[in-house]
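Note sheet for the following structure.
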Amino acid sequence: MALASLLILLTAAGYAVLCAVRPFAPCRKCSGIGVRTRRRTVTLCRRCHGTRARLRIGRRLLNNSRSIHAAGTRPHATDRKATPWQ
């Protein structure tokens with residue numbers, strides 16, 4: 001049981017390091033080529049828009065959590081209390 005927990009923890013930590021070092025992964029839909037062939041036409045990949053790379057799921061979660069934290073902790077201009085002399 002402890003060995004399985006340790007293995008899961010190491011796998012999660014390794015993926016977190018991978019997301020920090022290489023946030024983009026090759027697009028799975030076009031195999032990192034950027035274009036898809038349909039019958040006789042060649043079109044840009046709809047998922048990666050021809051950039052050949054997609055943001056990893058772990059990095060997307062990290063970016064989302066950072067933006068939520070920033071929105072909840074930083075004061076906004078509209079949040080200031082009104083003073084009588086303004």
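The values are calculated or read from the model by the stated rules, or taken from the named source; none is laboratory data. All values reported here derive from a predicted model rather than from experimental measurement. In this analysis, Cβ positions are derived from the backbone assuming ideal geometry, glycine residues included, and neighbour counts consider all displayed protein chains. All accessible areas refer to the heavy atoms of the entire protein, side chains included, with ligands and DNA or RNA removed. Shrake-Rupley method; radii C 1.70, N 1.55, O 1.52, S 1.80 Å.
Quick notes on this structure:
- Of all residues making up the stretch 1-41, the number that are assigned to a helix (DSSP H, G or I), closer than 18 Å to R56 by Cα and open to solvent by less than 100 Å² (accessible area, probe 1.4 Å): 10
- For the stretch 52-69, residues that are of a type outside the set (A, V, I, L, M, F, W, C) and free of Cβ contacts under 8 Å to residues at least 24 places away in the same chain total 7.
- Qualifying residue in the stretch 45-63 (condition: part of a helix (DSSP H, G or I) and either of a type in the set (S, T, N, Q) or at pLDDT below 85 (or both)): yes
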